[in-house]
1. Could you work out how much longer the chain between Ile21 and Ala322 gets when fully extended? Use 0.36 nm per residue separation minus the Cα distance between them, nm to one decimal.
2. Using a basic spin-label model with each label point 7 Å from the Cα along Cα→Cβ, how many nm lie between Gln432 and Lys386?
3. Given the Cα-Cα distance of Gln547 and Ile315 and 0.36 nm per residue of separation, how much length would full extension add, in nm?
4. Applying 1/(1 + (r/R0)^6) with R0 = 22 Å to the Cβ-Cβ distance of Asp573 and Asp47, what FRET efficiency is obtained, to the nearest 0.05?
5. Taking the number of other C-beta atoms within 10 Å as the exposure measure, put Tyr90, Tyr403 in order starting with the fewest.
6. Once you order the gyration tensor axes a ≥ b ≥ c over the Cα atoms, which shape class does region 380-426 get: rounded for a/c under 1.5, otherwise prolate or oblate by comparing a/b with b/c?
7. Obtain the nm distance between the two label points defined at Glu247 and Met56 by a simple spin-label model: each point lies 7 Å from its Cα along the Cα-to-C-beta direction.
8. Set the Förster radius R0 to 22 Å, insert the Cβ-Cβ distance between Glu154 and Asn76 as r into 1/(1 + (r/R0)^6), and round the FRET efficiency to 0.05.
Amino acid sequence: MKKNGKWWRSLHTRSNLAMLIIAAVMIQVSGAVQFFFARNGIRKEVDVRAQSEMKMKSLEIQQILSGVEIAVDNINSILMRTIEHPENIYPVLEEFVKCNPNIQGCALAFEPNFFPDKGYWYEPYVLRGADGTFNHMQIADSSHDYHNMSWYKEGLVSESGRWTEPYIDNEGAQGVICTYTFPVKNSEGEVVAVFGADLSLNWLTDEFASDEDTKSYSFIVSREGRIIACPDKSMIMNYTLDDASAEYQDTTINAVNRALLAGDSGKAEVKDNNGELAYMYYSPVEGQSGWSMAILFPDREIYKGLRTVALRLVILMLLGLALMVYIMWRTVNGFKRLEVVSAEKERIGSELRIASEIQMSMVPRLFPAFPHRNDIDLHASISPAKEVGGDLYDYFIQNDVLYFCVGDVSGKGVPASLFMAVTRNLFRIVAQQGLSPVEIATQINKILSKDNDQGMFVTMFIGKVDLNTGHLDYCNCGHNAPIIDGQFLKMQYYNQPLGLWEDDPFDGESIDNIKGKQLLLYTDGLNESENPNKEQLGNERLIELMQNAQDMDAHQVIDMLATTVEKHRAGADPNDDMTLLCLRIIS
């Protein structure tokens, strides 16, 4: 080689230059591939987050709405007796509002001139004040003629309760209200009044606020398409889906709005009038309300972090290549190995919110369980081994029949808590149809068994007591044997747990009369609780405790068992979730 030859004519230099070009191309291709897979991964995370968030919010909303529905159903029999004694109306209404913290106020609207001395319009109303007091008022007159209002007319002809379209109430509760109405009949079976429980919707605004982590935007619409909750308070009750269809040019928005009104679920890519892309997810709110919800994730926000990282990667790669050229120019005979800077992937999305508070709100927690009845002594508790758990219990009264259950989901933690939430919601929905425990177990099992790829299951004891006769029908689905009057209940059928085999039948059993008997339902976190030496509390100890607790009421039994388990563990962490439910039907 000539001494004055060009440096790039050197074979060694040309090979290094070729390696540099190949390295540059490979780096660019690798970056493009990583960007592609990272983008797809982010989109999948957004899909999972949206579905989980809508499911959790739907369960939260349904919990509150169903609580109001059950409370109204339970007071109906009391109202039937109260309408004959107008002096007792206000005390009954006040007690109802006092016992149901989610209810802002309630009214009993009578037919014209039902009480001649009260006048043509008579609508006694009790409102919960901001200072904790309860205000009594008669809000009906010629300017507030409820006889011509849709909620009253529909309530008169309805056979059961129904939710009204949300509205702004300037007469009673003062704010955005949704009322659950129920027809009230006299002793002859004639509808003489409509009872309405007002649920303030202010809590929905906080629930559907903008998420600062992903800049998502959530909103909820009524059955008529009116915005009733969103981050922009000026739009609440003032903006409809028809307004959105008229405002935006994207025809996909019109299709999504029709799907929302139809109560459908799905997802779509939509654009605003500036061409900004967003991903919309929507689904109906479970229950009778007819509401639907949607969540929007702007494209520029969910990929903002990824684009920032990609830009930094490109800059770093260009600087690295420039450095390699500079070193090659300075030292032809050797290159320093260039350290390749790996880019950190920015994780998009955030963890699921800690579900402990949500989970606890899904089971009844107000005791006494039925303050207006003196024939039921019932108390229950649930103690997860971790922040969230898979145990559940539930109960409610319908037509003088008490439905109750205790269940234990396989596993622990977040997966078990999600399975628990689905199971509890299914029990409430199916049991409200007035079915037997066997039919309830069969329907829940069919739903849980479908697409159960994880093989999760739940053991459950389902009971149905006729409060007039004390007759108990029950179906035990692989659960621990209950204890009745200090002895394990002898059962012929234990059945399989729910969620494993879709077509396997269930068998039920019954007890003629359990009035006066003490019944304890529990999960294995009680008898299998362990101390630091891995010694369990055991069934014999449990029976001994219950035999000595025959004179205790339900609350005392639950407290006694919880204290005993705490002492037995002696500081050891709980090895399993523990749920207790004690029941006695008083003769």
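Only the coordinates and a few stated rules stand behind these numbers; no lab work does. These figures come from a predicted structure and were not determined experimentally. Ideal geometry is used to build each Cβ from the backbone, glycine not excepted, and the neighbour counts take in all protein chains shown.
1. Contour length minus the Cα-Cα distance gives 107.2 nm.
2. Calculated label separation equals 3.1 nm.
3. Additional length available on full extension: 75.9 nm.
4. That gives a FRET efficiency of 0.05.
5. Listing Tyr90, Tyr403 from fewest to most nearby Cβ atoms yields Tyr90, Tyr403.
6. prolate
7. Each label point lies 7 Å from its Cα, and together they span 2.8 nm.
8. Efficiency at R0 = 22 Å is approximately 0.85.
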